[in-house]
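This report concerns only the one structure given below.
The values are calculated or read from the model by the stated rules, or taken from the named source; none is laboratory data. Source: prediction; values computed, not measured. Because the Cβ atoms are built from the backbone with ideal geometry, glycine has one as well, and the counts that use them run over all protein chains shown.
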Amino acid sequence: MDKVDFISRRENVSLAAVMARKGVTAADIGGALAFEVPKEPAYRSGSGLGLVGTGPGTWLALSETLDNEWPSALEAALGSLASVSDQSSGYAMYRLSGANARELLQRGATIDLDPLAFTAGSAATTVISHIGVAFWQLDDTPAYDLVVFRSMRESLEHWFESVAASL
Amino acid sequence: MSRLSTGGLIDRTRPLKFTFDGKQYSGFEGDTLAAALLANEVRLVARSFKYHRPRGILTAGTEEPNALVTLREGARAEPNSKATAVPLYDGLVASSQNRWPSLGFDLLALNQLASPIFVAGFYYKTFMRPAALWEKLYEPLIRRAAGLGALSGLPDPDSYDRKHAFCDLLVIGAGPSGLAAALTAGRSGLRVILADDDMAMGGHLLKERSEIAGAAGADWAAGVVEELASYPNVTLLPRTGVFGVYDGHEYGAVERVSDHLPEPLPGQPRQRFWKIVARHALLASGAIERPLIFPGNDRPGVMMASAVSAYLNRFAVAPGKKAAIFTSCDTGWQTALDLQAAGIGVAAVVDTRAQMPALADRLDLSDCVVALQGAIVDIKGSKSVKGATIRDGSGKETSVVCDLVAMSGGWNPAIGLGSNFGNRPVWSEELNAFLLDKAPPGFSPVGSAAGRMSLTSALGDGIRAATEVVQQLGKSPAEMAIADVAETGGTSENMLWVPSGIEGKAFVDFQNDVTASDIKLAASEGFVSIEHLKRYTTMGMATDQGKLSQLNGHGLLAEETKKTIAEAGTIMSRPPYTPIALGVIAGHHRGEHFRPVRHTASHDWAAENGAAFVDVGQWKRAQWFVQPGETEWRTSVDREVKATRGGVGICDVSTLGKIDVLGPDAATLLDRLYANMFSTLPVGRARYGLMLREDGFVMDDGTATRFAEDRYYVTTTTANAARVMQHIDFARQVIWPELDVQATSVTEQWATYSIAGPQSRAVLQALLPDIDLTNEAFKFMAAGEYRWRGTKIRLFRVSFSGELAYEISIGANRGRQLLEAIMEAGAPFGIVPYGTEALGVMRIEKGHPAGNEMNGQTTAGDLGMGRMLSTKKDFIGRAMAQRPGLTDPGRMSLVGLKPIDPAATLRAGAHLLAKGAEPKAANVQGRVTSAAFSPTLGYSIALALVTGGQERIGEEMLLNDIVRATDVPVEICDAVFVDPAGERLRG
Amino acid sequence: MRIPCPYCGDRDSQEFVYRGDASPVRPADPAEETEFFDYVYLRENPAGPIDELWYHAQGCRNWITLTRDTRDHAISAARLTSEGKSA
C-alpha cells in the first residue's frame, strides 16, 4: 500500500455494530448518545463517537479513543435500546483522500459517487471487486473512510494498487 | 501511393511506419490500418473463411467482414482485428490469416474447386460416414482448412480495468444525430455520456462532403466535440463501443484505452469495461450500407460506396484509379461525385432503378457508361478487380475496364442493440428497412438508426429526442438551431434489390462464404425460417454477426419462399454487438486474483512455519505443516495427529462462521433455528446444535454459547457461514419479525485456536495461570470471558477431535500474538500446530459428521442424531423431518468401516455391496463419504452411509471402487473409532 | 440489473441473493404436514407481476420483497420484508 499516496491505513479505531432493539428508532438512539443519529445510510458524529448507517436500525460505531473496555461505555449508554457487538478487529480501515479517491472508488463501486448523488456525510455498504466494503464521505476534498473485512484486506489492497497505478 | 495530395482528416506532419505481412509501409496519424494499406495500394489483405478466396477491404467501419488481420505479435497478437477499425500507430505490425503458404499464393484456395461439396450445411452431409473418422480425420481437416485467425496461446500481458458510470443521458454514437442530441442535453445541464466506437467523433460527417452552418461537416463536428469537452457534465468516450443493453437501464461498453498505442502506457489498462446506468439512452448508431449481390462481388477492389467516399474524404486515399458504380439508391451517385471531385475517373454507373436521380446532373458523364435497370453480372480479375461486365435494361452487355467497383444496396438502420431485449424489428415499407417497433425501457433510436436518413432530419431528430429527455427530467431545454445544412447524397427511395438469375459466386455473407445459391439451396431443403437459415448456412455468424449480410439473405429467402420480407422477418441480436475480449470482462479477476482471498490473523505465522495451504471457499487454510525432512504429506499429517492425541496440538479454526445472536428473544429464536433446545442452556455453557432446513434435511451444525441471558454466540461450519447468517436473518426478518432479536456476523472479529490433546489443559494453565481450569471448575462444554494481557478473550471447552480440548478466541488484531504465546507456553509440552488434514483425520476417527456427510441429502437420523430433534417445541424443519420418507428405517445411515486386511486402503466415493453381490448400480447399498488413514489405529478407516446402518454392525461387505478398479472387503463398525465412551474429552 | 433497496437505494443485482416467491407463509405450529408441504414446495409461476424475496447480502443485510414482472423484469415496488405486507 506504500505505493498509493492517497490511501492510508487507519489503525487504532475501535468499532462496534449497534443494532436497535424492536421498536427503537434512530431518534431514540440519538437521544441516548446526544447527537443526531442517521436513519439513512449516512455518517454522523458527536459525543466522541461516529455512527455509520449500515442498515435499517443498524450502525457501525467508531471511536478513536483506545479503550480495553470498549464497547462497554457505549453499551451502558444505550442500555436496552440496542444490542452492541465489538467489531474492532473485524475490519481493516482506510482513509482515501483527494480527487483520485472518488475516481478509484467509482472504478470499484456500482453506486453513483458524483457530488450530485454522494456528498459529505453519505455512506454506503456495497461491493468493490467482489469484496464487501462500507465507506462514507467525510468532506468535499473528497475524503472517505472505508472498512473491509480484515481477512480480505490483502485482496482489496491489491485492487487499490492496480487501479491507483492507472490514475 | 494512392494518397491524394490534399484533403482528409489525417495529420500529414506525423508519418507512421507499419508492417503488414513482413513488409514495411507508412501512413499518417488519423489513418486506420485499412486506409494506410489502401494508400500503399495493398488491395489483397485476407483469404476467405471457407473457399480461401482473395479478399480486400470492403467497408470503412466495424461491420467489416473481409479485412480481418492479426494485429501485433507474440503474446499481444490479436486475431480477427478489423483493419477498417484499427487506428494506425507507429510500429504497428499486422499479418494476414487463414492462408497457406502465403496470402498471394494460397494452396487452400483449391477448396474453391471443391465448392460443390462446400455448400450450405456441407458438414452435416459430407463427412457423416464412417462416423469414426469424424474426430480423427474430418474435424481436424476442416478446422485447419476453414477458419479465422489463431490465438497466441500465451498469457495476456496486459491488464484490464472497470468503471461504473451514471448519467441522465447516454448517447450511443457521435454522428450527426448523436452530436446534436449530446449538445442539446449538455447545454441543458444533463449528465451526458457520449460514446463512439471510432477514434474520432463525427460519424458520417467525417466521411461526407456535407456542410453545416457554413462549415464543412467534419469541422462542425470538431467544434461540437470541443464545446462538449468543456462541459463538466459531459463525458466523451471515443474508441468506446456500447455492446449491450441490460435490465434496469444498464449498458455495457468497452473503452479501448490503449489499443491505438503500441502497448499500454505504464499502469494503464489495455481496455476498460464500463457499466453505465443511464436514465435515458439514445441509439444514434447510424445506418449500415447494404452490399449488392452479383458474381464476383467479393473481389478485392469491390467496396461499399460509402466506404469509397470515406477513404476519399476522411483519409485522402484513392482506393482505385478507375471506378465503376453499381447502386440501387442515390448513394452510389454521390460516391461517383466524390470520385470525380478527387480526380478519379468513373467508367460506369449502373443503377437498378429506371430513372437517374437529380444528383446525376452534377456528374460529368462523358466517358461514363450509364446503365439503368442494369446490373453488374461479372467481375474480371481474381486478386484484384480488372474490369466489370454490365448488363443494361435491354439485356445488352458491355465490359468496362476498372480497378474499383463501388456498390450500394441502400441502408439498414443499425438497430442491433435495440433488439437486445427480445424486440423483433418490423419492416418499414416506406424505408425498405427494418426499424425498431419497441425498444428497451428508457431507450430510443434517433437519426438514421430511426430511419431519419438525411442529414437535416438526423440533426433535427437528435435535438428533438434530447429535448424530450430534458423535459422528462424536469429541466428546461436549451434553445437549439442548426442552420444551413448542405446535404450530400439524395433522398430517393432506399430500395431493396434482390437479383434473379445470377450465375457464379455471388456472396451474401462475405465472412462465412455464404452465396446466393446457398440460400436457395437451404430454402429448397426446407430451412425456411430465418433462424434455421442462419444455423444451416452460417449466414450472420462470426465476428461481424451479419451486419452486412442479414437483410440481403432474408430478402433472398423471402423471394425463394414466396413471402414478403415483412413476413420473413429478421433476427434479433444479443450482446455483444461487436466482439469484445474476454479479458476485459474478467478485469482484475484473473490468475491468483481470480476471486478475493481470505487470510486468517495468523496466516503469515502459518506460512513462516511450513504450512501448505488449501482453499476452503475463499479462505486459505493451513492443510499441514511441513517439518524439516518431511517429503510426503502423509508423514506430516500422521505426525500431527499422533502428537495431538499423545500430547497437545493447536489448530487455527478462525474460519468457522461466528454469529452474535442478541436481544430479549435470542433464546426463542435459537430454539426455532436449532433442532435441539437452547433456551435451557445456562449462562457460561456451550451446546452442540443441529440446524435443519425447512424441508427436514440437515443444514449445518455448530455450537452456541450463552454469555448472558440475552447474548448467544453461534458458530457454524466454515463452508456454511454465509448461508447460516442469511438463514438467521430470514428467520428473524421474514418468518418471525415480531421477535426482538438482533444478529451480526463476528467471524472476522475473532481469531480462534483449538488446543487439543491430553496436555491442552496444562498448556492453557501455563498461558492463563489466574484461571481455574480444573475439570471441576471448567467442565466439558464450559465457556467464559476472561482477559489475557488486558485483552478480552473467550474460552470454550469444546472438542472436535475427541480429545480434551479448548477453543480460545481473541480480537483478531492480536490473533498472531496469542498464537505465538500459546506456542511458547506449549513448548515444554511439545505442542505442534496441525492443519485441516489432521483435523479431518481426527474427526473421522471420532465419527463426527462434516460436510461430506451433511451433504444436503441426509437427515439427523441418517447421521445418528435423530434423538436431538426436540419434541417439545417447533423449529425449522420439524414438520417435514417427520415425513415417512425421511424416517424410513431402511434409509442409508452413518456407520464406520474398517478393512478386513489392515493393509488395504479405503477411499471416499467407493460403493458398498453385500458380500457376493454383482457390482451393478441396483446392488449398491451404501457409499463411503469420508476416508482416512488412522495413525492412531494404524490402518485405513472410513465413514459410510449404508442401508440399514447400525443394524449391520459386524457385517462384512465389499467396497467396490469402479473408478480406481479396487475391491476391498470391509467390516461395518461403529462410526466412533477412538474413545467411544468420550472419556478423553470429559477428563 | 439494478434492484431498488428500500434502505440503500438502487444497487447492482450482484449484491443480492435471490430466494423466490414471497407469498408462502410458514404455517403456525401445529400444522398438517400438507400445509408444510405446500409452504416448502408449491410455487406459482406467473407470467406477470410477482412478489419475491431478495436478500441484500452485500448491503444492508435485509430481506426485501420486490414486485417484479417476470415478463420484462420491470420492478414496480420494493419494501423491507420485516415491515410486513403493504396494503
Name the residues in region C:16-38 that are in contact with a helix residue (DSSP H, G or I) (Cβ under 9 Å, 6 or more places away or on another chain) and either over 30 Å from A:M19 (Cβ atoms) or not aliphatic (A, V, I, L, M) (or both), would you? C:R19, C:P24, C:R26, C:P27, C:D29, C:P30, C:A31, C:E32, C:E33, C:E35, C:F36, C:F37
For region A:68-99, what are the residues that are crowded, with 17+ Cβ neighbours inside 10 Å and either polar (S, T, N, Q) or at positive phi (or both)? A:S83, A:S85, A:Q87, A:S88, A:S89, A:S97
Taking region A:19-55, which residues are closer than 29 Å to A:F160 by Cα and of a type in the set (V, I, T)? A:V52, A:T54
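Of these, B:F49, B:F28, B:F18, which one is over 23 Å from B:L206 (Cβ atoms) and outside the structural domain of B:A222 (by TED's automatic domain parsing)? Explain how you work it out, then say what you get.
Details: B:F28 fails: over 23 Å from B:L206 (Cβ atoms); B:F18 fails: over 23 Å from B:L206 (Cβ atoms).
That would be B:F49, the only listed residue that is over 23 Å from B:L206 (Cβ atoms) and outside the structural domain of B:A222 (by TED's automatic domain parsing).
Quick grid of which residues meet (1) more than 17 Å from the chain's Cα centre (by Cα); (2) part of a loop (DSSP other than H, G, I, E, B); (3) free of Cβ contacts under 8 Å to residues at least 12 places away in the same chain; (4) at positive phi:
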{"site": "B:Y251", "(1), (2), (3), (4)": "no, no, no, no"}
{"site": "B:P266", "(1), (2), (3), (4)": "yes, yes, yes, no"}
{"site": "B:W274", "(1), (2), (3), (4)": "no, no, no, no"}
{"site": "B:V277", "(1), (2), (3), (4)": "yes, no, no, no"}
Among the residues of region A:63-80, is any under 15 Å from the mean Cα position of the chain (by Cα) and either within 13 Å of chain C (Cβ to nearest Cβ) or assigned to a strand (DSSP E or B) (or both)? yes
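Here is a yes/no grid of residues against (1) in a strand (DSSP E or B); (2) surrounded by 15 or more Cβ atoms within 10 Å (Cβ to Cβ); (3) within 14 Å of chain A (Cβ to nearest Cβ):
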position	(1), (2), (3)
C:P30	no, no, no
C:F36	no, yes, no
C:V40	no, yes, no
C:R43	no, no, no
C:E52	yes, yes, no
C:A57	no, yes, yes
C:C60	no, yes, yes
C:R68	yes, yes, no
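Check whether at least one residue in region B:596-617 is closer than 30 Å to B:E255 by Cβ, without any contact (Cβ under 8 Å) to a residue 24 or more places away in the chain and within 14 Å of chain A (Cβ to nearest Cβ), and report yes or no.
There is at least one residue in region B:596-617 that is closer than 30 Å to B:E255 by Cβ, without any contact (Cβ under 8 Å) to a residue 24 or more places away in the chain and within 14 Å of chain A (Cβ to nearest Cβ).
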Flag if B:S679 is within 14 Å of chain A (Cβ to nearest Cβ), in a loop (DSSP other than H, G, I, E, B) and among the small types (G, A, S): no
When you go through B:E592, B:E559, B:E640 one by one, which is the residue that is more than 12 Å from every other protein chain (Cβ to nearest Cβ), out of contact with any strand residue (DSSP E or B) (no Cβ under 7 Å at 6 or more places or on another chain) and either of a type in the set (D, E, K, R) or within 30 Å of B:I293 (Cα to Cα) (or both)? B:E559
I need the full set of residues from region C:13-28 which are more than 7 Å from every other protein chain (Cβ to nearest Cβ) and either in a loop (DSSP other than H, G, I, E, B) or of a type in the set (S, T, Y) (or both), in order please. C:S13, C:F16, C:Y18, C:A22, C:S23, C:P24, C:V25, C:P27, C:A28
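How many of the residues in region B:419-435 are of a type outside the set (G, A, S), away from every other protein chain (no Cβ under 13 Å), surrounded by 18 or more Cβ atoms within 10 Å (Cβ to Cβ) and touching a residue at least 24 places away in the same chain (Cβ under 8 Å)?
Of the residues in region B:419-435, 5 are of a type outside the set (G, A, S), away from every other protein chain (no Cβ under 13 Å), surrounded by 18 or more Cβ atoms within 10 Å (Cβ to Cβ) and touching a residue at least 24 places away in the same chain (Cβ under 8 Å).
So, B:A917, is that one out of contact with any strand residue (DSSP E or B) (no Cβ under 9 Å at 6 or more places or on another chain) and modelled with pLDDT under 95 or not?
no
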Looking only at region B:393-405, decide whether some residue is under 28 Å from B:G61 (Cβ atoms), small (G, A, S) and in contact (Cβ under 8 Å) with a residue 12 or more places away in the chain. no
Scope region B:892-924; condition part of a loop (DSSP other than H, G, I, E, B) and under 45 Å from the mean Cα position of the chain (by Cα); matching residues: B:T905, B:L906, B:R907, B:A908, B:G909, B:A910, B:P919, B:K920
Does B:N813 count as in contact (Cβ under 8 Å) with a residue 40 or more places away in the chain, farther than 30 Å from B:A981 by Cβ and among the polar types (S, T, N, Q)? yes
Could you give me the residue pairs with C-beta distances under 6 Å whose first residue belongs to region B:913-925 and is on the phi > 0 side of the Ramachandran plot and among the β-branched types (V, I, T), whose second residue is assigned to a helix (DSSP H, G or I) and exposed (fewer than 10 other Cβ atoms within 10 Å of the Cβ) wherever it lies, and which are 6+ apart or on separate chains? none
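Name the residue, out of C:D72, C:D10, that is more than 10 Å from the chain's Cα centre (by Cα), facing chain B (nearest Cβ under 8 Å) and over 28 Å from A:S129 (Cβ atoms).
C:D72
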Does region B:856-868 contain at least one residue that is among the small types (G, A, S), within 40 Å of the chain's Cα centre (by Cα) and in a loop (DSSP other than H, G, I, E, B)? yes
Going by the conditions given, is C:R2 basic (K, R), more than 9 Å from chain B (Cβ to nearest Cβ) and surrounded by 13 or more Cβ atoms within 10 Å (Cβ to Cβ)? no
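Every residue in region C:75-87 that is in a strand (DSSP E or B) and either within 14 Å of chain A (Cβ to nearest Cβ) or among the charged types (D, E, K, R) (or both), please.
C:A78, C:R79, C:L80
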Can you say whether B:V841 is more than 26 Å from B:F678 (Cα to Cα), buried (at least 17 other Cβ atoms within 10 Å of the Cβ) and of a type in the set (V, I, T), as far as the supplied structure shows? yes
Report every pair of residues separated by at least 6 positions or lying on different chains whose Cβ atoms are under 8 Å apart, first residue within region B:5-23 and touching a residue at least 40 places away in the same chain (Cβ under 8 Å) and in a loop (DSSP other than H, G, I, E, B), second small (G, A, S) and loosely packed, with under 13 Cβ neighbours inside 10 Å. B:D21/B:S102
Qualifying residue in region B:457-479 (condition: in the same structural domain as B:G203 (by TED's automatic domain parsing), in a strand (DSSP E or B), closer than 30 Å to B:A354 by Cβ and touching a Pro at 6+ places or on another chain (Cβ under 9 Å)): no
